[in-house]
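Undergrad: One structure coming up, written as structure tokens, with questions to follow.
The values are calculated or read from the model by the stated rules, or taken from the named source; none is laboratory data. Remember, it's a predicted structure, so these values are computed and weren't measured experimentally. Cβ: placed from backbone, ideal geometry, glycine included. Neighbour counts: every protein chain shown.
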Amino acid sequence: AEAAQPELVAAIVDRAQAAGAADQLDLDEAATRKLIDAQLCAAGWEADTDAIAYKQGVRPAKGKNLAIAERPTSSGPADYVLFVGLTAIAVVEAKRRRKDVAGAISQAKRYSRDFVIKGDEQLAGGPWADYQVPFLFATNGRGFHRQFKTASGIWFLDARRSTNHADALDGWYTPEGLLARLSQDHGKAEEALKTEPTDYL
């Protein structure tokens, strides 16, 4: 740094300060949704808040992994419902950038409880206690930072077991990843383990 030209050092400092200021921008929910759209697309979902929306007539379709925006439930529209083919597999609650994410899981829970099948849609199994849709997400579009855990990342809850707790992820599940998680039945595996003979050990 000492050997660098002063102009170069000044330019680097200016860029770093501009980047820091950009990270502090308080994006509203609509702008945050654009970030979330891009993140979901990178994970293999078809997502576009404006074009892939229930109010635009978009419905789940066989062979597609859609993040349908503003999907109605009996207690209001979910920001996104993730469909693998015709199967509703997850609910996503989006918050503006400065909002705390961890607490937003409660809204995703409500939309999962109040989810109502429409048309050819299918449930992923269940219900699990009160929940119709098994996987719940909440995000404000920010990358995960451990020092700001409740205000960053993608919060996730597998609602199939009441003993599961929400936690932050650093990235989105792919459609294949959620299907693989859905195929895991921990309760059934634990019951089978209780009756498993141990003679072979």
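Undergrad: Which of the residues that make up segment 49-66 are at negative phi and in a loop (DSSP other than H, G, I, E, B)?
TA: 49, 50, 51, 52, 58, 59, 60, 61, 62, 64 - these are the residues of segment 49-66 that are at negative phi and in a loop (DSSP other than H, G, I, E, B).
Undergrad: Which of the residues spanning segment 30-48 are modelled with pLDDT of 95 or more and either in a strand (DSSP E or B) or in contact with a Lys or Arg (Cβ under 8 Å, 6 or more places away or on another chain) (or both)?
TA: 46, 47
Undergrad: Could you give every pair whose Cβ atoms fall below 9 Å, whose first residue belongs to segment 90-108 and is crowded, with 23+ Cβ neighbours inside 10 Å, and whose second residue is of a type in the set (S, T, N, Q) and at pLDDT below 80, counting only separations of at least 6 or pairs across chains?
TA: Sorted first by the residue in segment 90-108, then by its partner, the pairs are 101/150; 101/152.
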